[in-house]
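Written out below as C-alpha cells is the structure these notes cover.
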Amino acid sequence: MEDTILKVSLATKLRWFDRGAAAFAQVFPDALSPLGTNASPHYVCPQCAEPDAAGERYRVQLFPRTAVQGGALTAEHVPPRFCGGRELVLTCKPCNSNAGSQLEAHAYRRENTIDTMSGVAGKSSRVHVAAGGRRVFANLKTESGLFAIDLPPWKTYANDPKEVEAFQGALLSAVSERSPVTVTFAGDSNVPRRADVTWLRHAYLALFAIGGYRYIFQPGLGLVRKQIKEPEAEHIPLFLAVLPAAHSWIERRIIYVRDPEWLQSWAVQIGKYLVFLPKSGDTELYARLAEDRVTGQRTFSGDAFEWPIEPSFGLRL
C-alpha cells in the first residue's frame with residue numbers, strides 16, 4: 001500500500017510535544033522537581049525507559065522542546081509507513097531508527113514475500129533460482145495468475161551473462177527431465193520473530209497515543225518494552241494472532257476485550273494482525289495467553305475505539 005499521507009508539520013510536532021510534556025508532568029509531577037520550579041516542559045520517549053534494579057522506578061531521558069527542531073525527537077509512523085501508517089507520536093531518533101532497520105524491515109520483507117506468493121498485482125521479490133547445479137539471481141512476480149521469473153542483468157544483483165546462458169540450458173534440461181528447480185527468496189529474507197515484534201511495538205505506541213504515560217508505566221508494560229528491545233528473545237511467548245480471511249491494512253481498531261473474563265485486555269488490530277496488551281494493573285495476561293495459546297477461545301467481545309489520528313494521552317486504559 002502506498003503511503004499518501006504527507007509528513008506532519010513542525011507546528012504539529014511541537015503541539016504533540018506540548019501535549020505529551022503536559023501529560024508526563026501531570027502523571028509524574030515529582031520527576032521534574034530536580035530541574036527547579038521554573039523548569040521548561042520536557043517530553044519522555046515512550047519506548048526507551050529503563051527500570052532500576054528493583055524494577056520500581058524508571059530511568060528516563062528528558063527531552064526539551066528544542067529536541068523537536070533539532071531532530072532528537074522524531075515523528076513515528078504508526079503503523080509502519082509500508083502498510084499505509086501515518087505519523088502519530090514522537091519517539092527519540094535512536095528508537096525510531098533502530099525499529100526501522102531491526103524490526104520493520106523484517107516485517108516489510110515478510111509481507112512482500114506473502115504478497116508475491118499470493119499473486120498481489122505489482123508485487124515482486126528477488127530470488128535465487130537453481131537448476132542442474134546452476135544458480136542465478138531473478139525477479140519473481142505474478143502475471144495473469146501465473147508465476148513469472150525475470151533474469152535481468154541488474155546493476156546491484158548482476159548475473160554473469162555466461163552464467164545466465166548456462167542456467168537457461170540447465171533449466172530446460174531440468175524441465176524436460178522433471179528434475180527439481182529451487183527458488184529461494186534472497187532479497188526478502190527475514191527473521192519471523194522480529195517481524196512479529198514490529199506489530200507489538202506499533203500496538204504499544206497506538207495505546208500510548210491514547211493512554212499516555214499513565215498507561216505505559218503500569219505494571220506489565222515493562223515486559224512489553226523489554227520484548228521490543230530484545231526482539232529475538234522470548235520474553236513474551238505469545239502476544240500476536242493472525243486473523244482468518246483477507247484483511248486490508250486500512251482495517252485498524254483498538255478493542256477493549258470484556259469477555260471472556262480471562263482475556264480482558266486491549267486488542268489492537270492492524271490489518272490481519274491482532275496484538276494483545278494488558279489492561280492497567282494486569283501482570284498476568286501473557287502467562288494466561290501462553291497457557292491457553294489462543295486455541296481454547298476463538299471469539300471475544302468488547303468495546304471498539306477508533307484509531308487515533310493524533311496523540312491525546314488522556315484516556316484511562
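Derivation of every value follows stated rules applied to the coordinates shown; laboratory data play no part. If you're wondering where the values come from, they're calculated on a predicted model, not measured in any experiment. Note that each Cβ is placed from the backbone with ideal geometry, even for glycine, and that neighbours are counted across all protein chains shown.
Numbers below:
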{"read-out": "Violating pairs (Cα-Cα greater than 23 angstrom) within the set Lys123/Lys162; Lys13/Lys93; Lys13/Lys229", "value": "Lys123/Lys162; Lys13/Lys229"}
{"read-out": "Fraction of the pair-distance distribution of segment 159-317 above 29 Å, Cα-Cα pairs, percent", "value": "33"}
{"read-out": "For the chain, calculated [θ]222 nm from helices alone, where every DSSP H run of n ≥ 4 adds -39500 (n - 2.57)", "value": "-10500 deg cm²/dmol"}
{"read-out": "Relative contact order (%) - criterion: Cα under 8 Å, at least six apart; region: the chain", "value": "16"}
{"read-out": "Length released on extending from Asn38 to Thr12, taking residue separation times 0.36 nm less the Cα-Cα span", "value": "6.9 nm"}
{"read-out": "Distance between modelled label sites at His128 and Ala287, nm, 7 Å Cα→Cβ extension", "value": "4.5"}
{"read-out": "Coordinate range along principal axes, alpha carbons of segment 194-260, Å, largest first", "value": "33, 27, 25"}
{"read-out": "Magnitude of the charge dipole, segment 254-317, Cβ model with Lys/Arg +1 and Asp/Glu -1, debye to 20", "value": "140"}
{"read-out": "Charge dipole (debye, nearest 20) of the chain; +1 at Cβ of Lys and Arg, -1 at Cβ of Asp and Glu", "value": "420"}
{"read-out": "At R0 = 25 Å, FRET efficiency that the Cβ-Cβ distance of Ala166 and Ala186 yields, to 0.05", "value": "0.85"}
{"read-out": "Length released on extending from Ser312 to Phe28, taking residue separation times 0.36 nm less the Cα-Cα span", "value": "100.5 nm"}
{"read-out": "Between segment 136-205 and segment 249-279, the alpha-carbon center distance in angstrom", "value": "35"}
{"read-out": "Rounded to 10°, Cα long-axis angle of helix 10-27 versus longest principal axis of the chain", "value": "50"}
{"read-out": "Folded to 0 to 90 degrees: helix 161-177 orientation relative to the chain principal axis, Cα", "value": "70"}
{"read-out": "Degrees between helix 192-216 axis and first principal axis of the chain (Cα, 0 to 90, nearest 10)", "value": "20"}
